[in-house]
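To start, the structure itself, in structure tokens.
Derivation of every value follows stated rules applied to the coordinates shown; laboratory data play no part. Just so it is clear, the model here is predicted, and its values are computed rather than measured. Because the Cβ atoms are built from the backbone with ideal geometry, glycine has one as well, and the counts that use them run over all protein chains shown.
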Amino acid sequence: MSGPLLKVENLTKHYPLGRGFLKKSGPVVRALENVSFSVAAGETLCIVGESGCGKSTLARLLMRIVKPTSGRVVIDGTDVTDLEPNALRPWRRRMQMVFQDPYSSLNPRLTAGQIITEPVENFERLSPKQRQALASDLLQKVGMRPEMMRRFPSELSGGQRQRLAIARALALQPSLIVADEAVSALDVSVQAQILNLLLDLQQDMGIAFVFISHDLSVVEHIGHRVAVMYLGRIVELALCEALFAKPTHPYTEALIAAAPLPDPTRVRSGSPVEGEVPSPINPPCGCAFHPRCPYAVERCRMEIPPLVPMADGRLVACHVRTRALDI
Ligand code: ADP
Ligand code: MG
């Protein structure tokens, strides 16, 4: 295939806070500002950042659950930003989503078998035999026994429910799965099992992932590339290994320093991120990170830093760290 599977260009989402005539002119939540990236077939792009930085908004825009204020979403070369629901249907098939809390996203009145075959039955009729075969196949793909198809979500463990949500996402053989905090509610040991399952599925089926998490240790395990977000913007985008070996944006540096160490032999220095995340209703001028940044200079308070390519190909939005490139 030529070109990326998914491309987003200058994606922006402002939620108006006012009602009536204030809706147009009143204050807005700047949930996402000018976000651009692409995802190749079979690739995992991780999105990390603290709570409230716009990760779920980005997921909803990718899935076209909400419309962007501006910017474009392009799938396989087709701009799907303004497609009406009917025209969107074939694209919806190709992109599926897995949420943080499978319990609230799984219908409690349906059995596991009904839950995972439902997406297919929205598109085609299945005989009882076909339905059973599909449910059995999907359950086995996610490491569950076929007998589980008769259970209700309330009769499953947290890990099993998340496997079920993944099985449902796989039912339509998607090219891309958007996983929003998909393992965040699980115990660490179950987290590892689900992450390994996703890695296996990717190898077997060539699925691409946009994997959203606030947890860097999870990202390190699963990502090919990582985009670090701060207050609605990408501040660093790099290959996973490069990001962890040499974080370049001061915010990435602080996040990695604050993360628990999965490898006790590795030494990390620096202090955790101090201070509060500012409000996206009234973000700081210049670089939004400057009030928390130990390296901030005058220019950081004045100008929003653009994402600039560094020598190793990573993108960084920081006046101080990209200064060497200025002519
Ligand atoms: P994250 O998933 O990174 O925690 P979100 O995308 O959920 O971040 O939220 C980003 C910002 O947008 C937050 O300040 C949040 O309060 C705001 N927000 C999200 N959805 C809405 C909405 N429907 N209306 C108004 N503000 C919203
Ligand atoms: Mg979220």
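A few points about this structure:
- Less than 5 angstrom separates the built amide H of residue 235 from those of 228, 229, 230, all sequence-distant by 5 or more or on a different chain.
- Along region 32-47 the Karplus relation, 6.51 cos²θ - 1.76 cosθ + 1.60 evaluated at θ = phi - 60°, assigns HN-Hα couplings of 9, 10, 6, 8, 10, 6, 9, 10, 8, 4, x, 9, 10, 9, 9, 10 Hz to successive residues, with x for each Gly and Pro.
- The spacing between region 1-66 and region 151-206, judged by their C-alpha centroids, is 23 Å.
- Of all the options 236, 147, 118, the one that moves most in a Gaussian network model of the chain with Cα springs shorter than 10 angstrom is 147.
- All aspartates and glutamates inside 19 Å of residue 24 as judged from Cα atoms, apart from same-chain residues fewer than 8 positions distant: 33
- Proximity of backbone amide H atoms, modeled 1.01 Å from N, is registered between residue 69 and 12, 13, 14 at under 5 Å, excluding neighbours fewer than 5 places apart on the same chain.
- Here the Gaussian network model covers the chain, with springs between Cα atoms less than 10 Å apart; of 299, 161, 60, 299 fluctuates the most.
- The Cα atoms of region 105-173 cover 30, 21, 20 Å along the three principal axes, with the biggest extent listed first.
- Ranked by the mean number of other Cβ atoms within 10 Å per residue, highest first, peptides 149-156, 284-291 order as 284-291, 149-156.
- Once the Cα gyration tensor of the chain is diagonalised, semi-axes √(5λ) in Å: 36, 23, 18
- Database remark: amide H of residue 40 closer than 5 angstrom to the amide H of 5 (H placed geometrically; neighbours at sequence offset of 5 or more, or on other chains; Pro and chain starts carry no H).
- Note on residue 7: aspartates and glutamates with a C-alpha under 12 Å away, same-chain residues under 8 apart excluded, are 76, 79.
- Using a Förster distance of 22 Å, the FRET efficiency for residue 285-residue 258 (Cβ separation, nearest 0.05): 0.30
- Listed peptides 182-195, 209-222 by packing density, highest first (mean Cβ within 10 Å): 209-222, 182-195
- At most 12 other Cβ within 10 Å, DSSP loop - trypsin sites (Lys or Arg not before Pro), region 7-53: 19
- For region 275-288, the Karplus equation 6.51 cos²θ - 1.76 cosθ + 1.60, evaluated at θ = phi - 60°, returns couplings of x, 8, 5, x, 6, x, 7, 9, x, x, 6, x, 6, 4 Hz by residue, with Gly and Pro reported as x.
- Peptide ranges 83-92, 169-178 listed from the most packed, as the mean C-beta count within 10 angstrom indicates: 169-178, 83-92
- GNM top mover of 308, 226, 28 - the chain, alpha-carbon springs below 10 Å: 28
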